[in-house]
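The values are calculated or read from the model by the stated rules, or taken from the named source; none is laboratory data. The structure presented is a predicted model; accordingly, all values stated were derived computationally and were not measured. Here the Cβ positions follow ideal geometry from the backbone for every residue, glycine too, while neighbour counts run over all protein chains shown. What goes into the accessible areas is simple: the full protein's heavy atoms, side chains included, and nothing from ligands, DNA or RNA. Shrake-Rupley method; radii C 1.70, N 1.55, O 1.52, S 1.80 Å.
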Amino acid sequence: MSFLELKNITKIYPNGTKAVDETSLNVEDGEFVVFVGPSGCGKSTLLRMIAGLEDITGGEISLDGVIINNIDPSERDVAMVFQNYALYPHMTVFNNMAYGLKNRGISKDKINSKVNDAAKLLEIDQLLDRKPSMLSGGQRQRVAMGRAIVRNPKIFLFDEPLSNLDAKLRNQMRLEIKKLQRQMDVTSIFVTHDQTEAMTLGDRIVVINDGIVEQVGTPKEIYSNPNTKFVAEFIGSPQMNLFDCSIKNGIAKIGEAQVNLDNLININDASIGIRPDDIQITDSGKFESKANLVEYLGSDMIIYSSIGGQDFSCKLSSKIDVKAGDNFKFDITPSSIHVFDNNTNKKV
Amino acid sequence: MKFKPLEILSHLILILGVLLMVLPIWFSFATSTHDNVTIMTEGMKFLFGESFSQNYNKVLNEKGGWSEEVTAAKMFINSFIMAFGIATLKVVISAMSAYALVYFRFKLAVPIFWLIFITLLVPLEVRIFPSYKIVSDLGLTNTYTGLILPLVASATATFFFRQFYKTIPDELLESAKLDGANSWRFFIDFLLPLSKTMLAAMFIFMFVYGYSQYLWPLIMTTDEKYWTVVMGMKIIFTENYEGVALPRTGERFAYIILSMLPPVLVVVILQRWFIKGLIQTEK
């Protein structure tokens, strides 16, 4: 039995909206799982159901062998970090962190030592006497984390905790969360709409769309082997190029261009997907196209072009000399092509 | 330092306003320190007189009223008890009912809120007979309970608390829930401290409201032991004693000055709190 088990979890709001549809998932002890999906896909709802902040319409959640459907949030032994941190504005940092412990009737000495330890770990031990309004965004984030850590919960729940920070701080906090999770070895679930966060943080990623789990897997599996068109487009930046085409005997026709696949299949209405970094520019390339726009990113650059009337991008080292308006030749390795059936949106 | 014309003008207006507020009080105070003969012959006074201790001593300690059983000091205590009771209970009850209305999503919360709200249209003066009937049937005439109880519900305060609670983000409640706070703890540990300034403001308003009640205590109390200051103002020191034809203006002014003190004190004490809360704005 897994540490956290979701069995056919469904959430229907009173107004009839189905936010989560028959979702099942197993999370192992100590694992870092990321729920990723576009806004409104139900990932936060799922997290909030685990926390107990949202009623479960159907299905069963068990944590550490106990079914927690009807257990009060305070007794589930979960800690949550909210998007806007939800710090208690009238309490000092110390009391913010100590409040949950006080409610559990833990002795003062123990609270003191726990809070101080957590504060040191997060490097906020200088701030314990301050009120949240006197803290910067990053410091507030740390306090919110501290509040979760001191409780020593069975599971950490993060609800888009980094989205209120600026880009630089976000990267830094991301690393710290990862480090902290490793260090404390606590099962964690992290909700985000940012695929980079998902890729970098997760041991496993759960891609959710429209209340349905599209794919569960390690970042590598999801990136290199997306099950559906949605996953293919959602994960990876810049996003995967998808070309509508018809496939006959393993040859995909995109307008005039013909792409060989390594699989002799026939599909009338298909899409083939190629990651921008799987396109190689060589003078001996089989395809030729015009660079409409070139984005220079330092070590890399992105060329925006089109073939057979369909736009695509390719990402390559900026050492190659291509300017906007130039023609360039490129090749595609058949093994790097993902084929999707447009009728089912699934991988073939 | 140079003054701009606009600054001078605005200061003049402010000074004028201050004078308008303070002068009548000063006149009353100055007059209250003169003996009745002087006031009778020379009218209101601007300067300090010699009968300060005599007048104020009389006011506080002389027994007045029809049966000559009640002193002004007793009336101050009565008024204070009444106003304090009304203000405290109003604030407590309003805060709690607003909490129920906002956080417990029972079916009739909205209609109930509007029902509470429309009681604003029915002030005590309108419902004074039924209120009296109920209080007298309960045997509460001539008691502090009877003075306080019919006035403790407050639609205004409930409304203000409700609006304030609605601005508190849901995450705070959710976070508190995960931290093991039950609904009672959430109220005590979160809502009350967060609404400190509002509590102080409401207490000030409601204290002044309770203190200045006239009609209700007048109807409610037949026993002079329960007279309040505002009623007393009409009754005490107005009687003509045999052989004394002089109106007791000096004592009456002293009484008026004293009667202003408790609400002023409450405002001054709580205002500090109030302003402190306003300065420490919390996000």
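Figures for the structure shown
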| item | result |
| --- | --- |
| Selection from A:Ser188, A:Ser313, A:Phe328 lying farthest towards where the dipole of chain A points positive, charges on Cβ | A:Ser188 |
| Summed buried accessible surface, chains B and A, 1.4 Å probe, nearest 100 Å² | 1900 |
| Set A:Lys229/A:Lys346; A:Lys220/A:Lys253; A:Lys120/A:Lys179; A:Lys179/A:Lys220; B:Lys74/B:Lys133 screened for pairs whose C-alpha atoms are more than 18 Å apart | A:Lys220/A:Lys253; A:Lys179/A:Lys220; B:Lys74/B:Lys133 |
| Using θ = phi - 60° and Karplus 6.51 cos²θ - 1.76 cosθ + 1.60, couplings along the stretch A:61-68 (whole Hz; Gly, Pro as x) | 10, 10, 10, 6, x, 10, 6, 10 |
| Average accessible area per residue (Å²) across the protein assembly as shown - probe 1.4 Å, nucleic acids and ligands excluded | 51 |
| Neighbour cut-off at most 14 other Cβ (10 Å), DSSP loop, GluC sites (Glu not before Pro), the stretch B:47-120 | B:Glu50, B:Glu68, B:Glu69 |
| Point-to-point label distance, A:Asp331-A:Asp55, nm (Cα→Cβ direction, 7 Å offset) | 6.2 |
| Drop in accessible area of at least 40 Å² in the complex versus isolated chain, residues of the stretch A:122-152, 1.4 Å probe | A:Ser133 |
| Relative contact order (percent, whole number), chain A, Cα cutoff 8 Å, 6+ residue spacing | 15 |
| Sites A:Asn116 and A:Glu28 - FRET efficiency at Förster radius 41 Å, r taken between beta-carbons, to 0.05 | 0.85 |
| Descending principal axes extents, chain B, alpha-carbon based, whole Å | 75, 69, 31 |
| Two-site label geometry, B:Ile15 and A:Asp283: point separation in nm, points 7 Å out along Cα→Cβ | 9.3 |
| Buried on assembly, the stretch A:62-103 (at least 50 Å² less accessible surface than by itself, 1.4 Å probe) | A:Phe82, A:Tyr88, A:Pro89, A:His90, A:Tyr99, A:Asn103 |
| Two-site label geometry, B:Val126 and A:Thr196: point separation in nm, points 7 Å out along Cα→Cβ | 6.2 |
| Loop GluC sites (Glu not before Pro), the stretch A:242-348 (other Cβ atoms within 10 Å of the site Cβ: 12 or fewer; DSSP) | A:Glu256 |
| For the stretch B:177-200, residues shielded by at least 30 square angstrom of accessible area compared with the chain on its own, probe 1.4 Å | B:Lys177, B:Leu178, B:Asp179, B:Gly180, B:Asp189, B:Phe190, B:Leu194 |
| In Å, descending, principal axis extents of the Cα set of the stretch A:4-233 | 51, 40, 33 |
| Percent carbon-and-sulfur accessible area, chain B, ignoring ligands, DNA and RNA, probe 1.4 Å | 71 |
| Principal semi-axes in Å for the protein assembly as shown [√(5λ), Cα gyration tensor, largest first] | 76, 29, 23 |
| Dipole magnitude of the protein assembly as shown, debye to nearest 20 (Cβ charges: Lys/Arg +1, Asp/Glu -1, about Cα centre) | 1280 |
| Whole-angstrom Cα spans of the stretch A:238-347 along principal axes, big to small | 40, 24, 23 |
| Residue of A:Asn15, A:Asn260, A:Asn152 that the Gaussian network model of chain A assigns the largest fluctuation, springs spanning Cα pairs under 10 Å | A:Asn15 |
| Beta bridges by DSSP in the protein assembly as shown, antiparallel share as percent, to the nearest 5 | 75 |
| Residue among B:Ile256, B:Ile15, B:Ile77 with the largest mean-square fluctuation in a Gaussian network model of chain B, springs linking Cα atoms under 10 Å | B:Ile15 |
| Neighbour count of at most 15 Cβ within 10 Å plus DSSP loop: longest chymotrypsin sites (Phe, Trp or Tyr not before Pro)-free window in chain B | B:107-213 |
| Computed helical MRE - 222 nm, the protein assembly as shown, DSSP H runs ≥ 4 contributing -39500 (n - 2.57), nearest 500 | -13500 deg cm²/dmol |
| Residues with amide H under 5 Å from that of A:Asn164, placed H, sequence gap 5 or more | none |
| Which of A:Ser224, A:Val66, A:Thr23, positive extreme of dipole for the stretch A:4-233 (C-beta unit charges) | A:Val66 |
| Gaussian network model of chain A, Cα within-10 Å springs - most flexible of A:Leu121, A:Leu242, A:Leu264 | A:Leu264 |
| Per-pair calculated FRET efficiency, R0 = 41 Å: A:Leu264 and A:Tyr304 via Cβ, rounded to 0.05 | 0.80 |
| Length-normalised contact order for the stretch A:1-117 - Cα pairs under 8 Å, 6+ apart - percent | 23 |
| Neighbour cut-off at most 11 other Cβ (10 Å), DSSP loop, trypsin sites (Lys or Arg not before Pro), the stretch B:1-105 | B:Lys2, B:Arg105 |
| Helical segments meeting 30 Å axial Cα length and Kyte-Doolittle 1.0 threshold in chain B (DSSP H) | B:5-31, B:72-103, B:249-279 |
